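Please treat every number below as a calculation from the coordinates, not as lab data. For clarity, every value in this text was computed on a predicted model and none was experimentally measured. Positions of Cβ are generated from backbone atoms using ideal geometry, with glycine treated the same way; all protein chains shown enter the neighbour counts.
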Ligand SMILES: Cc1cc2nc3c(=O)[nH]c(=O)nc-3n(C[C@H](O)[C@H](O)[C@H](O)COP(=O)(O)OP(=O)(O)OC[C@H]3O[C@@H](n4cnc5c(N)ncnc54)[C@H](O)[C@@H]3O)c2cc1C
């Protein structure tokens, strides 16, 4: 019998499981995990399949689609509980009705709550807060590899720390509770810096005590920084600022990059067009994307269920904050050199985030200190995969840390360098939970075993 083909949302990750099954209840998950004849290993839960790596693939195994387990179960004064397949944006919008908000308001709305609780995520840390969604998961309910029910809470901090980095390897999450907080007005503004200016001014930008997200333009040696802060504001909020940002991020920028690479035949002309486009974008961001009163929820984007020609992909590594300006200069040189030697450059503006030190999850990329990231973005224009391999080498050489669900193509050696003995600790738990490797796919076997 022909095997079903499963593609990631963006289309670049293709796999062939034996079975794909949509679950609607905890009992469905239990029956799957208990019946390895009908549902062969590896068993991998997936939400919206937005990951840019093979973390959720199950070659010859079973893919468990969680998206119908999407109930919002309870909203309390400082928590929200939802099914593992509920979308982050739906829960976030429900919180808005209660004058509440998530701590971390990522741009990706399609992320499932199950994946949010046990996988890597990033958003610029608001002052005094974490930038990883899972750090606010306080109760995780799952079905273990042998089909038993388990609840992990803050009463067992070590197990919770492991669960928040478990990527479905210790069990399938069917319900999760996140800590939330009262809704607050958020100010936003953008400023553009040359690389030299950014290098000298970074300490004072950090001292502003605002979140720092940034757009990187390696071929122009320019950085546009997005500053955000909570503060008290009255009157009606501005609801167009994030709409404009989201339209450019979701459609216009990737769509333009795609069209330029498809229809413009030569690299010099493509470069002229893409650099001109981003000069205009830098100007407009500084001019238009500012307000003293926006709503945090408005940052989150709902992408179409099935991607279209404006889809994009990206990768990410995080670097120690203390060395970041050196790394950034080297990253810009690396991109320029790579273009000179191989004729390849990414066709969408790169991004990055400043994220606070965070030991809430075992594979946290900011486990040992504050980090800043440098993330290439593209529409998978020809040459992207080879570029990523060189990028991974560059990042590992500069003591970067990758994310298992968002940094494509990194190697076992690079994993060991980034996470050291945390791998052994995870493996000890994993082997205890899953002695028969019911949930272990080739991707994690290669990187962790
Ligand atoms: C266009 C685009 C924009 C993005 N923007 C951002 C962003 O701004 N910030 C950010 O942090 N990320 C971003 N991402 C990455 C994305 O958030 C993560 O990859 C996230 O994991 C996707 O959620 P998902 O539900 O699609 O997970 P999936 O890709 O379906 O799964 C991810 C991992 O979690 C496991 N898993 C999923 N559900 C469960 C469950 N119920 N129980 C146990 N394990 C489970 C899977 O097996 C897999 O290992 C973006 C991705 C794309 C394509």
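Shape class of segment 72-183 from the alpha-carbon gyration tensor: prolate, with a/c at 1.5 or above and a/b greater than b/c.
With the cut-off at 1.5 for a/c, could you classify segment 9-94 from its C-alpha gyration tensor as rounded, prolate or oblate? It is oblate, given that a/c is not under 1.5 and a/b is not larger than b/c. Take the Cα of residue 436, step 7 Å toward its Cβ, do the same at residue 181, and the gap between the two points is 4.5 nm. Stretching residue 287 away from residue 271 to a fully extended chain increases their span by 3.3 nm, per 0.36 nm per residue minus the current alpha-carbon distance.
Sequence-distant contacts, meaning Cα pairs under 8 Å at least 6 residues apart, place the relative contact order of segment 212-337 at 38 percent. Take every Cα pair under 8 Å whose residues are at least 6 apart in sequence, average their separation, divide by the length of segment 72-183, and the relative contact order is 34 percent. Shape class for segment 228-307: oblate, because the ratio a/c of the largest to smallest gyration tensor axis (alpha-carbon atoms, square roots of eigenvalues) is 1.5 or more and b/c is at least a/b.
Coordinate range of the alpha-carbon atoms in the chain per principal axis, descending: 57, 53, 39 Å.
With R₀ set to 60 Å, the beta-carbon distance separating residue 200 from residue 37 gives a calculated FRET efficiency near 0.40.
The simple Förster model, with R0 at 30 Å and r as the Cβ-Cβ distance, assigns residue 262 and residue 393 a FRET efficiency of 0.55. For the peptides 255-266, 179-190, residues were scored by their other Cβ atoms within 10 Å and the scores averaged per peptide; the highest-first order is 179-190, 255-266. In this label model, residue 305 and residue 98 are separated by 2.7 nm, measuring between points 7 Å along each Cα→Cβ vector. Helix-only arithmetic for the chain: the sum of -39500 (n - 2.57) across DSSP H runs with n ≥ 4, divided by the residue total, places the mean residue ellipticity at 222 nm at -10000 deg cm²/dmol. When you restrict to C-alpha pairs under 8 Å that are six or more residues apart and normalise by the size of the chain, the relative contact order lands at 18 percent.
Once the Cα-Cα distance is subtracted from the 0.36 nm per residue extended length, the residue 445 to residue 78 segment shows a gain of 128.3 nm.
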